[in-house]
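One structure is given here, and the rest of the page talks about it.
The values are calculated or read from the model by the stated rules, or taken from the named source; none is laboratory data. Fair warning: this is a prediction, and the values are worked out from it, not measured in the lab. Here the Cβ positions follow ideal geometry from the backbone for every residue, glycine too, while neighbour counts run over all protein chains shown. These accessible areas exclude ligands, DNA and RNA; they are computed on the full protein's heavy atoms, side chains included. Shrake-Rupley method; radii C 1.70, N 1.55, O 1.52, S 1.80 Å.
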Amino acid sequence: QQPAPDPDDTALFDAEYRRQLFRWAADRVRDEFRPTTWQAFWRTGVEDESPKAVAADLGLSLGALYVARSRVMARLRQVIEELEKP
């Protein structure tokens, strides 16, 4: 007989799994993008910097920054989904 899983432990495990999966996917796809595109994603999506400030710093329009960030996120999703296929 086993004790019921602790919901807090399960949530912690799931969160750590997702973090590690993200790190793996990010390392795998980073070189597929120009440095500016990657920085637009990383600084606004991971480091939580202001999109307006990052766009100005990278010499992008705000719209171009959002497109760049979206392209990276789509590729990350694709790589993760491929890994998690049964």
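Across region 28-53, the qualifying residues are those that are closer than 21 Å to residue 80 by Cβ and hydrophobic (A, V, I, L, M, F, W, C), and the one among them that is surrounded by the most Cβ atoms within 10 Å (Cβ to Cβ) is 40. Please tell me if residue 56 is free of Cβ contacts under 8 Å to residues at least 60 places away in the same chain and open to solvent by less than 50 Å² (accessible area, probe 1.4 Å). No, not satisfied. Of all residues in region 59-83, those satisfying the criterion of being in contact (Cβ under 8 Å) with a residue 40 or more places away in the chain and open to solvent by 30 Å² or more (accessible area, probe 1.4 Å) are 75, 83. Determine, yes or no, whether residue 25 is free of Cβ contacts under 8 Å to residues at least 60 places away in the same chain, surrounded by 13 or more Cβ atoms within 10 Å (Cβ to Cβ) and on the phi < 0 side of the Ramachandran plot. So residue 25 passes the test.
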